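Taking it in order: structure first as structure tokens, then the write-up.
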Amino acid sequence: MISSLEKAPLPADGIEGELAELRAGIDAVDSEIQRLLNKRAEFSLKTGRLKASAGVPVFHPDREQALLAALEARNTGPLPALHLKAIYGEILSSSRALQEPLRVAFLGPEGTFSHMAAREYFGSAMIYEAKATLHDVFDAVEKGDSDLGMVPLENSLNGSVGQSLDLFASHRNAHVQAEWSSRIRLSLMSGARSLAEISVIYSHPQALGQCALWLRENLPSARQVQVESTAVAAHRAVAEAGSAAVGHAGIAPNLGLRVLASGIEDIADNWTRFFIIGPRPADSAGANRSSLVFALADQPGSLAAVLNAFAAAKINMSKLESRPMRHERWKYLFFADVDCNLAHPAHASLLESVRSHCHSVRVIGSYLSAVRDGDHANDRARGHSNDQV
């Protein structure tokens, strides 16, 4: 006797006809999807030729974000918006590659968080080029050896990446095209079988800082050694018995490492903000944020005057940080984010006012901000799970 809460399973031979019909329907839809994807590819190729003839860059982040937003607004399900945007992230990646194979530089080697963030943002169809240092990433973009670069700017737990801020000051032909916030989940990887075998831990200083409490509580006697990147750390862990690396768990299988612990960051809501840089200013028509670097005039009240200029224009300054100027003792550069499009003609007088109180001012980019709120908009925008490692 079957209760009202149970249903007898249909015999396998009783559903074959229905399954065959459903599978035939899926095959027909797949065939139509393939036909339409190739039709879309034809439009992409034509678009690429037109852009090339007019000297227009292939990468257009404002257009891509608008397209993804429109997809989400139109979506009625049952396909979740998360899945739809993940699919379209790869469609956009293919479209860029069809128009022009883009080279994206990142702080290498492969497996760093910069590498993973670049793949999150650009998809699988780009040409990824690992660079030994952040300086090399900026150089490659400025000299045209790479089309774009992915550079870390700041972490929500451990603060700004000072070297990136400094490099914007010394590379005047590196311009912000877009920004991206990537969820950071740290793992402890090793060839060892248990934490008890670990005597030394390798990682980038930012990563070590983000899990300092966990390391202190779980591996208090292990020596911590700073290296150039989390991927370099993983290679060290492969080569040296009794060692471990803190980094992205995605690199572990390729190197034969065990993940001894995951999610070891001291605060789970751990994000790194990246800038995508290019050799020319971006099309900023849809921008709502700008970043600038300025050196103050050597006179009393110059910083207050700059701040007051933005306040009088009712423009929020969401970030302000000073960096020591090289070769000029006790002189400082300031890096700032403001919530407006400084490339718009409406703000020309504001910039003139700011310049009047500064020795130098450079707007390094006006771009559409990546929303970084509690609902993790970036994950929705590119279809990545918050729990991925």
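The values are calculated or read from the model by the stated rules, or taken from the named source; none is laboratory data. Please read these numbers as outputs of a predicted model, since none were measured by experiment. Note that we place each Cβ from the backbone using ideal geometry, even for glycine, and neighbour counts take in every protein chain shown.
Working carefully through the options Arg380, Arg323, Arg329, find the one that is among the basic types (Lys, Arg), more than 29 Å from Arg119 (Cα to Cα) and either modelled with pLDDT of 95 or more or out of contact with any strand residue (DSSP E or B) (no Cβ under 9 Å at 6 or more places or on another chain) (or both).
Details: Arg380 fails: more than 29 Å from Arg119 (Cα to Cα); Arg323 fails: either modelled with pLDDT of 95 or more or out of contact with any strand residue (DSSP E or B) (no Cβ under 9 Å at 6 or more places or on another chain) (or both).
The match here is Arg329.
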In the stretch 207-249, the residues that are free of Cβ contacts under 8 Å to residues at least 24 places away in the same chain, small (Gly, Ala, Ser) and closer than 17 Å to Leu195 by Cβ: Ser221
Is it the case that the stretch 146-159 has a residue that's of a type outside the set (S, T, N, Q), touching a Gly at 6+ places or on another chain (Cβ under 6 Å), crowded, with 24+ Cβ neighbours inside 10 Å and outside the structural domain of Pro253 (by TED's automatic domain parsing)? yes
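Matching residues to (1) surrounded by fewer than 22 Cβ atoms within 10 Å (Cβ to Cβ); (2) β-branched (Val, Ile, Thr); (3) in a loop (DSSP other than H, G, I, E, B):
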| residue | (1), (2), (3) |
| --- | --- |
| Pro253 | yes, no, no |
| Ile264 | yes, yes, yes |
| Phe274 | no, no, no |
| Ser290 | no, no, no |
| Leu307 | yes, no, no |
| Glu321 | yes, no, no |
| Asp337 | yes, no, no |
Among all residue pairs at least 6 apart or on different chains, which show Cβ distances below 9 Å where the first residue, located in the stretch 178-206, is in a helix (DSSP H, G or I) and the second is crowded, with 23+ Cβ neighbours inside 10 Å and modelled with pLDDT of 95 or more? Leu195/Leu188; Leu195/Ala244; Glu197/Ser190; Glu197/Ala244
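I need the full set of residues from the stretch 257-280 which are touching a residue at least 60 places away in the same chain (Cβ under 8 Å) and aliphatic (A, V, I, L, M), in order please. Let's see the steps before the verdict.
In the first step, residues of the stretch 257-280 are kept if they are touching a residue at least 60 places away in the same chain (Cβ under 8 Å); the result is 257-267, 269-280.
Once the filter is applied, which keeps residues that are touching a residue at least 60 places away in the same chain (Cβ under 8 Å) and aliphatic (A, V, I, L, M), the stretch 257-280 yields Leu257, Val259, Leu260, Ala261, Ile264, Ile267, Ile276, Ile277.
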Against the conditions (1) surrounded by fewer than 20 Cβ atoms within 10 Å (Cβ to Cβ); (2) touching a strand residue (DSSP E or B) at 6+ places or on another chain (Cβ under 8 Å); (3) among the charged types (D, E, K, R), where does Glu100 fall short? Just the number, please. (2)
On the phi > 0 side of the Ramachandran plot, modelled with pLDDT under 95 and touching a His at 6+ places or on another chain (Cβ under 8 Å): which single residue out of Gly111, Gly77 fits that description? Gly111
Breaking point among (1) more than 30 Å from Arg289 (Cα to Cα); (2) surrounded by 15 or more Cβ atoms within 10 Å (Cβ to Cβ), for Arg193: (2)
